[in-house]
Every structure is written in structure tokens, then in C-alpha cells.
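Notes for the one structure printed next.
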Amino acid sequence: MAMIFDSHAHYHDNRFDSDRDAVLRAMPENGVGYILNCGTELASSRLSISLAEQYPLIYAAVGFHPEDLEGVTEQDAEACFALLSHEKAVAVGEIGLDYYWDASPRDVQKAWFIRQIRLAKSLDMPVVVHDRDAHEDTLTILKEERPKGVLHAFSGSVEMAKEILKLGMYIGLGGVVTFKNARKTVEVAEMIPLDRLLLETDAPYMSPVPYRGQRNDSAKIAFVAEKIAEIRSMSADEVIEVTTGNAKRLFGIA
Ligand code: NI
């Protein structure tokens, strides 16, 4: 049996405060071999690194999420980016654009997105990209900047997926693919070359059916793998094996 690689989770989230250690210790017996924990600002990026130090299966992404830019100082940025030299920091993320919440002005979001992409490129690291209701600007920036990385929780059309694939990037799919009315995402799961697909939770969010609405964790990726396997007429184990290989390749994990 191949081990699951959860390419996007937030175990620093306070929804894991009561049982974080038990949940994470149980991962290997639940089929999960690797987790990328993504920070969203300085504090959670530090927690990502500390989780990666405590648990062999956890790797860290550090960076500033578009919803968490308000009040960030240059000192915060420097302290956060210094974490990238840690041996278990494997990506800059999560970074991107969020025009649904618009928590910061769009020109500010774009400037941080571009700055962090350029940082990742200078370190030869991949980026973990968040795009909510900002498909056009996200694509424009990715086309101009050309980072390696993954577009996480992909919510765009097949046409946009094709553009992302042309850039050599990976596409992350999670619980949404199991939802009713997820027609667009199912189409993407159908057409995407298997060697560009990553599985993810976005835990504690985005639980797949039959746990929709409950707290998510990496073991529930089994339901996502099963759904994608069904869509593509292959075995869930094969989906897990290939996607884990993809994530290890992208994040440089042996
Ligand atoms: Ni996330």
C-alpha cells in the first residue's frame, strides 16, 4: 500500500489543540506518510517549522497568505523568510490572491504574491499558491513569474487548468471533488495528467464526503483518492502512489 502525501494542511490551527499529538501520531497507521504543513503568516510559519521538527512525517511551507497581510512588518517578513533555511522547509506558501475576502487591497496582495514568488525562485523552491475568486490575476502573475509549484485547492475551469499545466505547475485537489455539484472540479480531475496531480486536505477545512462540514485531517484523503480513482477508472492505491511520488518530486523529498 502506498502512503498518502497530504500536500496542504494547517495542523497549527486551534481546532487541533485538544488532540493534535494523537491525530498526528496515528497518521502512519492511517495510511499517511507525508504532510506539508502550510503557514499563513509569521506565527503559523514558526509553528509549521516546530511541527516539522517534532514529527518526522511533517514538512513545512512558510509564507504570508493574502488574508493575513494586514499589519505585517518588514521585520516579520525577514523573520519568516529566514525560516526557509530550515532543513524541513520545502516550499514558500501559502501565498496568492484572495478576492473573495479582499482582506487587503488587491495591489498589496499582488505585491506580496510577486515578492514571495521571486524569493522562492531565488532559493530554487516551489510555491504553494492560493487563488480564491482571483483566477485572472493569479494566472497573469504566474505566467509572468514562472515559479515551480502547485495551485492548491484548484477551483478553476478545465481551460485554466490547461494554462497552469502549460506553466509546468501541479494542481492540488481535495475534498471538493467528492461534493455534489462539483462538476467543474470533477472535469479537472478527469483531464489532468496524473503526473501533475497532488492530493490535499486544507485541514481542518474542506472535509470530503461523508465527513463534509466536520474537521478534516490527512487520513480522510483516502476518500478523495477513491473518488478520483472512480472518475479515472483506476485503483485508489494507484492514485495515492502516483500523487505521493509527484509531491516528493516537487518538494524535493527523498
Ligand atoms: Ni490552506
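In table form, for the structure just shown:
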| quantity | calculated |
| --- | --- |
| CD proxy at 222 nm, helix term only [per DSSP H run n ≥ 4: -39500 (n - 2.57); per residue of the chain; nearest 500] | -12500 deg cm²/dmol |
| Of all DSSP beta bridges in the chain, antiparallel share, percent nearest 5 | 0 percent |
| Segment 161-254 - charge dipole about Cα centre, Lys and Arg +1 at Cβ, Asp and Glu -1, debye rounded to 20 | 300 debye |
| Positive minus negative residues near Met3 (Lys, Arg vs Asp, Glu; Cβ under 13 Å) | -3 |
| Filtered chymotrypsin sites (Phe, Trp or Tyr not before Pro), segment 156-252: DSSP coil and at most 16 other beta carbons within 10 Å | Phe179, Tyr205, Tyr211 |
| Cross-link pairs beyond the 21 Å C-alpha cut-off, checked among Lys162/Lys220; Lys88/Lys162; Lys148/Lys227; Lys110/Lys143; Lys184/Lys248 | Lys162/Lys220; Lys88/Lys162; Lys148/Lys227; Lys184/Lys248 |
| Exposed-loop-free span, longest in the chain, where GluC sites (Glu not before Pro) count as exposed if DSSP calls them loop and at most 15 other C-beta atoms lie within 10 Å | 88-254 |
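Read-outs: derived from the displayed coordinates by stated rules, not from any lab. Everything numeric here is computed off the predicted structure, so don't read it as measured data. Cβ sites come from the backbone with ideal geometry, for glycine too, and all protein chains shown count toward neighbours.
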